[in-house]
Amino acid sequence: MSNTNQIQAGVADRGLEIFNQGDRTLATYAGHTYKFKDLPNHILNLIRMDLALNERAQKALIQWGYSDESERLEKYASCRFGGIDLFPDVNTCGELTPDHHDCPSRSSCPFNGVICVKPAGVNGEISPREMEVLKLIAMDYMEKEIAEKLEITQTGVAKHRKALFNKIGVQSSIGLTHWAITHNIIQPSYAI
């Protein structure tokens, strides 16, 4: 079944979708929108357990200055699960799935890839340059235009495109665009 007709987790089911709205962390769950700190305890405990298993993230958050446990938990959830996509952050079985989102601090964050997840396809992690190429492909730019925009050669664009096909496991620009939309890399209104 295609994910294109799904609605956000938590709106009409007991899945959970965490998202950032400005400086607030919110979540949809069981038909309601919650401030993160007001989520039911069993949901907060799942995220708390996930953080407890991630020693690198714990150390990074403390190093970042989050000494209060509730603030640390909310920041962890915001960074790790804070993008709206078509996949629940916590499904109805209680399994957690972090997601990539386009954080404005990603390029300058000292903990990039430690707390948040780096985008990856089925066959590997996507580099920052490949991410730039992917966004432009999904926005229907031609190879020549992408090369000019990124100040690289068309051959370089073609190599990144081929790597993206391999890493994501698709065979066309439509496949790349679909993956970019469903994984919150680009909003549907910008896609071809």
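In this model, which of Lys75/Lys162; Lys59/Lys167; Lys37/Lys167; Lys75/Lys159; Lys59/Lys135; Lys75/Lys118 are farther than 25 Å apart at the alpha-carbon? Among Lys75/Lys162; Lys59/Lys167; Lys37/Lys167; Lys75/Lys159; Lys59/Lys135; Lys75/Lys118, the Cα-Cα distance tops 25 Å for Lys75/Lys162; Lys59/Lys167; Lys37/Lys167; Lys75/Lys159; Lys59/Lys135. Within the range 9-41, which residues have the backbone N less than 13 Å from the label spot 7 Å out from Thr92 along Cα→beta-carbon, could you tell me? Zone members listed by number: 9-16, 30-31. The slack in the chain from Arg129 to Gln58, taken as 0.36 nm per residue of separation less the alpha-carbon distance, amounts to 22.7 nm.
Relative to the current alpha-carbon distance between Arg14 and Met142, full extension at 0.36 nm per residue lengthens the span by 41.9 nm. Each part reduced to its alpha carbon centroid, the range 63-83 and the range 157-186 end up 30 Å apart. Rg/Rh for the chain stands at 1.00; both radii use Cα atoms, and Rh follows the Kirkwood definition.
Among the GluC sites (Glu not before Pro) found in the range 5-111, those both in a DSSP coil and sparsely packed, with 16 or fewer other Cβ atoms within 10 Å of their Cβ, are Glu95.
Readers should treat all values here as calculations from the given coordinates under stated rules, not as data from a laboratory. All values reported here derive from a predicted model rather than from experimental measurement. Note: ideal-geometry Cβ built from the backbone for every residue, glycine included; neighbour counts use all protein chains shown.
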